[in-house]
1. Can you name the residue in the range 180-189 that is in contact with a strand residue (DSSP E or B) (Cβ under 7 Å, 6 or more places away or on another chain) and either part of a loop (DSSP other than H, G, I, E, B) or at pLDDT below 85 (or both) and is also surrounded by the most Cβ atoms within 10 Å (Cβ to Cβ) among such residues?
2. Mind counting the residues in the range 153-164 that are in contact with a Pro (Cβ under 9 Å, 6 or more places away or on another chain) and modelled with pLDDT under 85?
3. Filtering the range 143-169 down to residues that are part of a helix (DSSP H, G or I) and of a type in the set (Val, Ile, Thr), which residue is farthest from ILE285 (Cα to Cα)?
4. Pairs needed: first member in the range 139-153, more than 16 Å from VAL273 (Cβ to Cβ); second member anywhere, open to solvent by 40 Å² or more (accessible area, probe 1.4 Å) and modelled with pLDDT of 70 or more; C-beta distance under 9 Å; at least 6 residues apart or different chains.
5. State whether one or more residues within the range 191-207 are at pLDDT 80 or above, within 24 Å of ARG267 (Cα to Cα) and either part of a helix (DSSP H, G or I) or under 42 Å from the mean Cα position of the chain (by Cα) (or both).
6. If ALA203 meets every condition in (1) open to solvent by 70 Å² or more (accessible area, probe 1.4 Å); (2) on the phi < 0 side of the Ramachandran plot; (3) out of contact with any strand residue (DSSP E or B) (no Cβ under 6 Å at 6 or more places or on another chain) apart from one, which number is that one?
7. If GLN238 satisfies all but one of (1) in contact with a Phe, Trp or Tyr (Cβ under 6 Å, 6 or more places away or on another chain); (2) not in a helix (DSSP H, G or I), what's the number of the condition it fails?
Amino acid sequence: MSDLQTLANSMLAHAPALTLGIGAVVALGVMIVIVMLAWPRKPIHDPVAEQRMAELNARVQTMGELLARAQSQLQHMVHERLDAVTHRLGESMRTSTKDTADHLQQLHARLALIDNAQKNITDLASQVTSLQSVLANKQSRGAFGQARMEMIIQDGLPKDCYEFQATLTNKARPDCVVHLPDGPPLVIDAKFPLEAVTAFREAKSDDDRKIAVARVRTDIAKHVGDIADKYLIPGETQDMALMFVPSESIYAELYDSFDDIFQRAYRSKVIIVSPSLLMLAIQVIQQIRRDARMREAAGKILVEVGLLAADVNRLRDRVENLDKHFGQAGTDIKQIMTSADKIVNRSERIRDVEFGDAPPSADILPGPGVRLEAGE
């Protein structure tokens, strides 16, 4: 686009100069003609000179016409070139304006996205700040850990399988009690040793690290001891309990750096779990309950199968009785058919008896018990 503008500007700038140059050439030719015409003629009549002068005048006139035609063509060409350049320049300006408007719209859309992202970042920063303020308080931190544990349990188990803040016989109230089929409930208690682990992470010198390590061991040992002493009641709860740590990073830090803590907790029959491990434990509990329901259903199925077998035996006896009845009915039918055959034979013999020319009247019929002899 800049090249087209430069070409147009150059042509516009040189157009007057070209016009002036052509005009100067034409003026010079005219002056030559005027000078030649004004030149004093010889008094002597020279036909050859006159002929040459006439030819020169004709050539000058022809040259003037050619110069005028060339100037006209040059002006026409310049105007055409200027029109073409102006048209191209206008098209280029329109295209450039459209592209610029499209780019500005895209830029506005991207700026809107950037504003939304910045707003989300600001909201997230405020949420992180509020989360830090929540985790700075022990009570708020405990409530956060308990709320996360309750969310995991509520998502994985039905309502009749667990109880929050249940009271045991020793007046202790664990965070959650999960009821297991055919056994005592499982106790789950949430602990969040954030301060000790944070001090361990931020320790720079060896002395600070030793102090932080001792603090972590002390805090975890205290939590494990509290759970084992309060919530492991023989005959009332399971012989093991779960200590829920509501942070995967803190659990990973403890597992990597304090393996002896997990061994000591296991010997105390307390299993330390993270959110993912608690979800896995909930899935195991779901499978245990499913197996118990299947065993219960299997017992019911066995009872129903026994009743079904008794019904089948009873049906078999009744079918045998029905078969006997059908056999007796068949015998009776055969006897009935035999009697019917005899009746038919007797009727045919009676029909074949000859009584003479006149049919016998009712008066000569023998009485009951009188046997007719042959020929009578």
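The values are calculated or read from the model by the stated rules, or taken from the named source; none is laboratory data. Keep in mind that this is a model prediction, so the values were computed, not measured. All Cβ positions, even for glycine, are placed from backbone atoms using ideal geometry, and neighbour counts span all protein chains on display. We work out accessible area using only protein heavy atoms, side chains counted, and drop any ligands, DNA or RNA first. Shrake-Rupley method; radii C 1.70, N 1.55, O 1.52, S 1.80 Å.
1. Start the filter on the range 180-189 by keeping residues that are in contact with a strand residue (DSSP E or B) (Cβ under 7 Å, 6 or more places away or on another chain), which leaves 180, 185-189.
If we keep only those that are either part of a loop (DSSP other than H, G, I, E, B) or at pLDDT below 85 (or both) as well, we get 180, 185.
Details: LEU180: 14, PRO185: 19.
Per the stated criteria, the residue is PRO185.
2. Adding up the residues that qualify gives 0.
3. If we filter the range 143-169 for residues that are part of a helix (DSSP H, G or I), which is where we start, we get 143-156, 159-161.
Narrowing the set further to residues that are of a type in the set (Val, Ile, Thr) leaves 152-153.
Working: ILE152: 13, ILE153: 11 Å.
Checking each candidate, the answer is ILE152.
4. Within 9 Å, the pairs are ARG141/GLU195; GLY142/LYS191.
5. yes
6. (1)
7. Result: GLN238 passes all but (1).
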